[in-house]
Each structure stands twice: as structure tokens, then as C-alpha cells.
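*Asks:* What follows is a structure written as C-alpha cells; I'll ask about it next.
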2 protein chains.
Amino acid sequence: MNFCSNCGTRVSHRIPPGDNLPRHICDACNTIFYENPKMIVGCVAEWEGKVLLCRRAIEPRHGLWTVPAGFLENGETTAAGAQRETLEEANARVEIDAFYALYNLPHINQIYMLFRGRLLDADFSPGAETLETRLCDEADLPWDQLAFATVRNTLIHYFNDRRKGEFGFHMGTIEPMARAR
Amino acid sequence: MNFCSNCGTRVSHRIPPGDNLPRHICDACNTIFYENPKMIVGCVAEWEGKVLLCRRAIEPRHGLWTVPAGFLENGETTAAGAQRETLEEANARVEIDAFYALYNLPHINQIYMLFRGRLLDADFSPGAETLETRLCDEADLPWDQLAFATVRNTLIHYFNDRRKGEFGFHMGTIEPMARAR
């Protein structure tokens, strides 16, 4: 951030009085700009024992598989956001059953919130940001081609919980990937 | 938002190609600005059967009571944010036990995430944004002077769950207050 989005003056970056973190501050119009983590909401959507996966047509992780998920929008509830992403990415209608997993990604200022749900019908197809949609069971899931650790962890919990006959709630923190040597 | 925070040019507000919501767009440097909901993290912190409340020294709801809570910061996990807010607002150290309640406030683009925890000691006192700190049981809690519906709902669930001997997870959506006639 270089300029005040309110009045266009160049901003400074310092700790405001009474605060303890540096913020971008406009000394012309006295606006303080706060930057906060964003939420990504999505859904493990089941149909006849299989879960809906999407192969990404966009970066990051173009060509890899994920569950429908994306940034929560203003004016939306978390469950409504998960439903909207399922509709946008897979043209699929899902009923939300429960909040299922929360992952912190503090190194990229993201919080993942994934729900469990059931597809209302088997009518789905790739949305604009998706190359391919597919229903997968545990055995035929592309485990080595998943886009995100959050999705991988959630799906591992999902199939384990289903085997046990009881879905818990799962929370964790994803650390940045170790660099290749 | 009037000006691009990157290059200082006046922005327009329209739907970018491939999107379906209007965003602020800078045609000079091609930056698209996304605005997303913010998370408020906090904690119901217990000590010897009572919960820690803070009387607010700041707006909104100056003078009313809340549990320690505030905006999640970049680089933070949700639980770490709840601990930090407890330290900042009540100078209290808390151990987090579980994620307890999520409230959507879509009309103000906020998601409340409240944890359950235990104070590590009875050493607490008002922080800079707090007029007064107090341990309250259900009977002596200032129910008619609580600052937020999120806090009220969470505390009602908390004492109910404790009576039942089992803490669930609670999720809900808070609608804007009806206007006075």
C-alpha cells in the first residue's frame, strides 16, 4: 500500500497511538488502514457415498484437484459462501449439514473453513474456474494430485470419520512447505 | 474507496471480466481490490466456575460488557488471536480448550469466532480498552448490559451446556437489530 484509498495522498507505515502493530496511515485525512486475514469457505459435498472434486482451471495449483472453495464475500454467511462456491465451481447445488474443519494458514493470512454437505442431485459440471468435475470415493481419489494441504487433511479426516460412523470437528494449522533442497 | 492504494490513480467500480461482483479497479496499474469479511476472535475464559468479562472503554458499546474479543490480525491463528485479545483487554493468560461458537454477521461483514478456555491464574486487570474486569457466574452476570448479541448468545449456550455437562459447538447468524418504531 502506497497511497490513501480515500484521498489519494501518500501513506506512511507506523504504529498508531494506542495500537501495537504498524498500520498504513494517511496524515491528510487521518484514515488508518487495517489489513486482516481472509476466509476461504468450501464444502465436502457427498453424493451416493462419493465426494465432489474439481480440477482447477486457475492458478495457483492449475490442473490439481480440490473441493469447491473460495474467498468469502462481503454480505455472506460462511455456509452460504460454501454453497455459492460449489455452484460456481461445479454448477452443483449442495445442502450444508455441518461445519467440519478449520485450518489456520498464518503465513499467508488465510483461514480455511470447510463444511460437510450433500448434493441435491447428480447434475454437476465444470464452472469457469474448473477443468473437470468428478465424484470420488476414498479408493479412486487423486491423493497425489490434490491442490492444497487443507483439502488433503480434510478429506483424510472425512473418510476416517465416516468409517468410524461419527463426524467430528477438525482444527489445525498448516505450516509453509519446506523448500526443496 | 476512491483511489488506487498502489499507484494513486482514481479507481472505478465495476464487475471485472470473469467475475460476478463489482470491485474497485485501477485502470492505470490493473489492480483489482477485493473487500472481504473480517474475523473477530475471542474467548470465554473460566476461573473457578466463573467467566471473565470486560467492560468496554471504547466505542462501539462503550460501558457495556463483553468477553475479550477483537479483530484477528495477519500472521495469527484464530486461537492465538483469542489469547492475544484476552491478554490485551484483561491482562489475563488463557489456555484455549476448544472452538465453541461461530456467528455470521453478514450485514456488517463480520464473522465472530469464540473459543472456550481456562485462565492460568486469577491475575487479571483492565487493559487500555477496558474500564473494568470481573469474574461472573450465571446469576451475577450483567445480562441486560452485554455489548453484543454474539456474546449474549454464546454465554447463554455456555451456561446451558455446562449444566448439561457437555459443551457442543454453536453456529448462528445475527440479523440487524429491528429499528425502534
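*Asks:* Just to be sure I understand the model, the point goes 7 Å from the Cα along the line to the Cβ. What's the resulting B:LEU21 to B:ARG163 distance in nm?
*Replies:* Going from the B:LEU21 label point to the B:ARG163 one covers 4.0 nm.
*Asks:* With each run of n ≥ 4 DSSP H residues scored as -39500 (n - 2.57), what mean residue ellipticity at 222 nm is computed for chain A after dividing by its residue count and rounding to the nearest 500 deg cm²/dmol? Please report the intermediate quantities before stating the final value.
*Replies:* Numbers: 2 runs with 29 residues, N = 181.
Rounded to the nearest 500, it is -5000 deg cm²/dmol.
*Asks:* Evaluate the distance, in nm, between pseudo-label points positioned 7 Å from the Cα of B:GLN145 and of B:MET177 along their respective Cα→Cβ axes.
*Replies:* 1.6
*Asks:* Two-decimal Rg/Rh of region B:16-90 from alpha-carbon positions, Kirkwood Rh?
*Replies:* 1.21
*Asks:* Mind telling me which of A:ILE25, A:ILE96, A:ILE156 comes out most flexible in a GNM of chain A, alpha-carbon contacts under 10 Å?
*Replies:* Top of the fluctuation ranking is A:ILE25.
*Asks:* Just to check I understand the Karplus step: with θ = phi - 60° and J = 6.51 cos²θ - 1.76 cosθ + 1.60, what whole-Hz values come out for region A:78-95, glycine and proline as x?
*Replies:* Calculated HN-Hα couplings, in order: 4, 5, 5, x, 5, 5, 4, 5, 5, 5, 5, 8, 9, 6, 10, 9, 10, 9 Hz.
*Asks:* Out of B:PRO126, B:PRO17, B:PRO106, any idea which swings most in a Gaussian network model of chain B, alpha carbons joined below 10 Å?
*Replies:* Comparing B:PRO126, B:PRO17, B:PRO106 in a Gaussian network model of chain B, the most mobile one is B:PRO17.
*Asks:* Considering chain B as a Gaussian network with a 10 Å cut-off on Cα pairs, which listed residue, B:ASN74, B:ASN153, B:ASN30, attains the greatest mean-square fluctuation?
*Replies:* Highest fluctuation among the options: B:ASN30.
*Asks:* Then there's this: So what are the ³J(HN,Hα) numbers for region A:145-153, from phi and the Karplus equation (6.51, -1.76, 1.60; θ = phi - 60°), rounded to whole Hz, Gly and Pro as x?
*Replies:* Running phi through 6.51 cos²θ - 1.76 cosθ + 1.60 with θ = phi - 60° gives 10, 7, 6, 9, 4, 4, 5, 4, 4 Hz.
*Asks:* Another one. Magnitude of the Cβ-charge dipole of chain B, K/R +1 and D/E -1, about the Cα centre, nearest 20 debye?
*Replies:* Magnitude of the dipole: close to 640 debye.
*Asks:* Further question on the same structure: For B:LEU131, go 7 angstrom from Cα along the Cα-to-Cβ vector, then report the distances to that same point in the other copies in nm, smallest first.
*Replies:* Those separations, rounded to one decimal, come out as 6.0 nm.
*Asks:* A follow-up question, please. Which of rounded, prolate or oblate describes chain A when judged by the alpha-carbon gyration tensor and an a/c cut-off of 1.5?
*Replies:* Here chain A falls in the prolate category.
*Asks:* Also, I was wondering about something else. Under the rule that a partner needs its Cβ under 4.7 Å from the first Cβ, which Cys of chain B have none?
*Replies:* Lacking a cysteine Cβ partner under 4.7 Å: B:CYS43, B:CYS54, B:CYS136.
*Asks:* Let me ask something additional. Could you let me know the centre-to-centre spacing of region A:6-22 and region A:52-84, using Cα atoms, in angstrom?
*Replies:* Their Cα centres are 33 Å away from one another.
*Asks:* Taking a point 7 Å out from Cα toward Cβ as the label site, list the nm distances between A:LEU21 and the same residue in every other copy, smallest first.
*Replies:* Ordered by distance, the counterparts are at 2.1 nm.
*Asks:* How many angstrom lie between the C-alpha centres of region A:123-181 and region B:120-135?
*Replies:* Using only Cα atoms, the two centres lie 42 Å from each other.
*Asks:* Follow-up. Would you work out which of A:ALA139, B:LEU53, B:ALA69 lies farthest towards the positive end of the dipole of the protein assembly as shown, given +1 charges on the beta-carbon of Lys and Arg and -1 on that of Asp and Glu, about the Cα centre?
*Replies:* Comparing the listed Cα positions along the dipole, B:ALA69 ranks first.
*Asks:* Once you sort the root eigenvalues of the Cα gyration tensor of the protein assembly as shown as a ≥ b ≥ c, which label holds: rounded (a/c under 1.5), prolate (a/b larger than b/c) or oblate (the other case)?
*Replies:* Taking the square roots of the gyration eigenvalues as a ≥ b ≥ c, the protein assembly as shown is oblate.
*Asks:* Would region B:1-42 count as rounded, prolate or oblate if I go by the C-alpha gyration tensor, calling it rounded below 1.5 in a/c and otherwise prolate when a/b exceeds b/c, oblate otherwise?
*Replies:* oblate
*Asks:* Nm distances between the label at B:GLY75 and the same-position labels in the remaining copies, 7 Å along Cα→Cβ, shortest first?
*Replies:* Spacings between copies for this position, smallest first, are 3.4 nm.
*Asks:* Related question: Just for region B:70-181, what percent of DSSP beta bridges are antiparallel, to the closest 5?
*Replies:* Expressed as a percentage, antiparallel bridges in region B:70-181 total about 70.
We did not get these values from a lab; they are worked out from the coordinates using the rules stated. As the structure is a computational prediction, the values presented were derived from the model and not from experiment. No Cβ is skipped: glycine too gets one built from the backbone with ideal geometry, and neighbour counts run over all protein chains shown.
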